[in-house]
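The values are calculated or read from the model by the stated rules, or taken from the named source; none is laboratory data. Keep in mind that what you see is a predicted model, and the values were worked out from it rather than measured. Using ideal geometry, Cβ is built from the backbone for each residue, glycine included, and neighbour counts are taken over all protein chains shown.
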Amino acid sequence: MTTTSKSEQDRVIIFDTTLRDGEQCPGATMTFEEKLNVAKMLDDMGVDVIEAGYPFASDGDFEAVHEIAKRSKNSVICGLSRAAHKDIDRCAEAIKPAERGRIHTFLSTSPVHMKYKLQMEAAQVYEMVISSVTRARNHTDDVEWSAEDATRTEFDFLCRCIEAAIKAGATTINLPDTVGYAVPEEYREMFRKVRETVPNSDKARFSVHCHNDLGMAVANSMAGVAGGARQIECTINGIGERAGNAALEEVVMAMRVRADKLPYWNNIETTMLTHASKTVSAATSFPVQYNKAIVGRNAFAHESGIHQDGMIKNASTYEIMTPETVGVKGTSLVMGKHSGRAGLIHKLEELGYKLSRNQIEDVFVRFKALADRKKDVYDEDIEALVGEEMTLGQDQIKLKSLTVIAGTHGPQRATMKIDVDGEIRIEEAEGNGPVDAVFNCIKALVPHDAKLELYQVHAVTEGTDAQAEVSVRLSHEGRSMTARAADPDTLVASAKAYLGALNKIVAKRSRSVREETQAMVTAI
Ligand code: KIV
Ligand code: ZN
């Protein structure tokens, strides 16, 4: 949306409750330092209101809210409080150092909550709304009141409580879908009707707060805004009680990408969204699901050959926003068994390789074989394949097959078939361990007196299906030859690396013989 089309009426306040509703969910507890770090990031990112915690809950929570209130530069710092006066006073103390502080006090209004949780009559609840908001208003003029479980509250009673809260001084009215029960149309209608019915509704800003129990938190939030709400309460990565809250990154990007249908704006610096997601995930140790909208690791990744082909031709074929908009460096074409030639050629170019058509065909066949055995094929895997391709064809000794019997009952045995300049040789050998058996087999197949100087294995990538890269150095007649080979099977990689070094020795020897012959010819 361009600056000229922005109107204050369409502005949506982003109220982040990662440090309160997010942090209070099982397992997401953050340390004091982690909370400060998250708060700083939210402040830098343009979040309008940071709900920094619930100060009455513990001294730790109080200290965190207090410190965040001291440090934050741009955001309003908010503390949550129940309706009891001692809660409200403690909250007020916690947010005191903030340049702009808010008290957010709440009380349940639904029949089920009033009867079982509060064990109070509606009339008592009504009185408590007034007394709590009045108390909060004595501390600050920025007071938010929430009707907990608003979506299951009887409409007339909800309207009476809202009217009383506004009259007592609440400047923001939040109507949470506490149990994630609403559907978008009914949530939108609730806001529309409440704003139409409550006589002083124009004196307050209305707010949505949606839980994700039916997976509709973001849709409901946007529906509430369509119904007239102008504040969205949300969390980074959607963390929160039970199934979580509406995800900040999703509501923000929904408004950004679909401004045609959701003509509202906010102040979030979207290029920080991925960083924010990672920061919160690291602080809470809550992993982000791979296919999470906007910030999941697959959000801008394409593996299918058809999609990769489309993406190479034009990114708009399969992406509705650029990865850069949310702070991701770029689209990633993930190489796997679904990738096609176009994807591989693109990847090779990206890695800086210029191969002939025949070489590409060869690499493609071996890439497909590798992808069938290995879930993800990383750049390093492709590089290893290209490396092999570059030396292939020049080799006089080629591995055709290898079978190794290993385990607790030795001796280990290897059976190997090789092609030496078109001649097929097969041998079997034992060894003190499987690698030794493989190397003994090679010695039986190609007798030589080169000495093994180095044998080194490392995983090219992560995971148990990672390719092993083996380096072998052989010394022969005072010279050392090193070769490397990669394969998901360490023993195959070992055999290839050994044969690679041996091939270099053989190639050197034939070159010397050629050079000697040449010298003789020239002498004659
Ligand atoms: O879900 C909810 O109702 C809440 C309130 C405390 C606002 O988190
Ligand atoms: Zn909540």
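Mind counting the residues in segment 37-80 that are hydrophobic (A, V, I, L, M, F, W, C) and within 16 Å of ligand 2 (Cβ to nearest atom)? Selection size over segment 37-80: 6.
If the condition is being away from ligand 2 (no atom under 13 Å from the Cβ) and either in a strand (DSSP E or B) or not assigned by TED's automatic domain parsing to the domain that holds Ser58 (or both), then segment 13-36 contributes Ile13, Ile14. Starting from residues that are aromatic (Phe, Trp, Tyr) and in a helix (DSSP H, G or I), keep the ones in segment 164-203 and report whichever is nearest to Ser132 (Cα to Cα). Here the answer is Phe191.
Going by what's in this entry, would Gly215 be described as assigned by TED's automatic domain parsing to the domain that holds Thr271, among the small types (Gly, Ala, Ser) and farther than 21 Å from Tyr264 by Cα? Quick ask: steps written out before the conclusion?
Details: assigned by TED's automatic domain parsing to the domain that holds Thr271: yes; among the small types (Gly, Ala, Ser): yes; farther than 21 Å from Tyr264 by Cα: yes.
It is true that Gly215 is assigned by TED's automatic domain parsing to the domain that holds Thr271, among the small types (Gly, Ala, Ser) and farther than 21 Å from Tyr264 by Cα.
Taking the listed residues Leu454, Leu491, Leu474, Leu499, the one that is surrounded by 15 or more Cβ atoms within 10 Å (Cβ to Cβ) and outside any helix (DSSP H, G or I) is Leu474, with no other qualifying.
Checked against the criterion of being within 28 Å of Val280 (Cβ to Cβ), touching a Cys at 6+ places or on another chain (Cβ under 6 Å) and in the same structural domain as His209 (by TED's automatic domain parsing), the candidates Glu51, Glu67, Glu63 yield just one match: Glu51.
Restricting attention to segment 226-243, and to residues there that are within 15 Å of Val49 (Cα to Cα) and within 11 Å of ligand 2 (Cβ to nearest atom), which single residue is surrounded by the fewest Cβ atoms within 10 Å (Cβ to Cβ)? The qualifying residue surrounded by the fewest Cβ atoms within 10 Å (Cβ to Cβ) is Thr235. Listed by first and then second residue, the pairs linking a residue in segment 162-178 that is farther than 16 Å from Arg195 by Cβ and within 12 Å of ligand 2 (Cβ to nearest atom) to a residue that is β-branched (Val, Ile, Thr) and assigned to a helix (DSSP H, G or I), with Cβ atoms under 6 Å apart and 6 or more places separating them unless they lie on different chains, are Asp177/Thr151.
Here is a yes/no grid of residues against (1) under 34 Å from the mean Cα position of the chain (by Cα); (2) within 13 Å of ligand 1 (Cβ to nearest atom); (3) surrounded by 24 or more Cβ atoms within 10 Å (Cβ to Cβ):
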position	(1), (2), (3)
Glu148	yes, yes, no
Arg152	no, yes, no
Asp156	no, no, no
Tyr187	yes, no, yes
Arg192	no, no, no
Val208	yes, yes, yes
Ala217	yes, yes, yes
Ser221	yes, yes, yes
Gly224	yes, no, yes
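The set of residues in segment 299-316 being in contact (Cβ under 8 Å) with a residue 24 or more places away in the chain and outside any helix (DSSP H, G or I) consists of Ala299, Phe300, Ala301, His302, Glu303, Ser304. If the condition is being in a helix (DSSP H, G or I) and in contact with a helix residue (DSSP H, G or I) (Cβ under 8 Å, 6 or more places away or on another chain), then segment 204-226 contributes Ala217, Val218, Ala219, Asn220, Ser221, Met222, Ala223, Gly224, Ala226.
Kindly indicate whether Val363 is part of a loop (DSSP other than H, G, I, E, B) and not small (Gly, Ala, Ser).
On the way: part of a loop (DSSP other than H, G, I, E, B): no; not small (Gly, Ala, Ser): yes.
Taking the combined requirement at face value, the residue does not satisfy it.
Restricting attention to segment 244-261, and to residues there that are in contact (Cβ under 8 Å) with a residue 40 or more places away in the chain and within 11 Å of ligand 2 (Cβ to nearest atom), which single residue is surrounded by the fewest Cβ atoms within 10 Å (Cβ to Cβ)? Only one residue tops the list, namely Gly244.
Any residue at all in segment 232-255 that's out of contact with any Pro (no Cβ under 7 Å at 6 or more places or on another chain), assigned by TED's automatic domain parsing to the domain that holds Pro176, more than 16 Å from ligand 1 (Cβ to nearest atom) and in a loop (DSSP other than H, G, I, E, B)? The answer is no; no qualifying residue exists.
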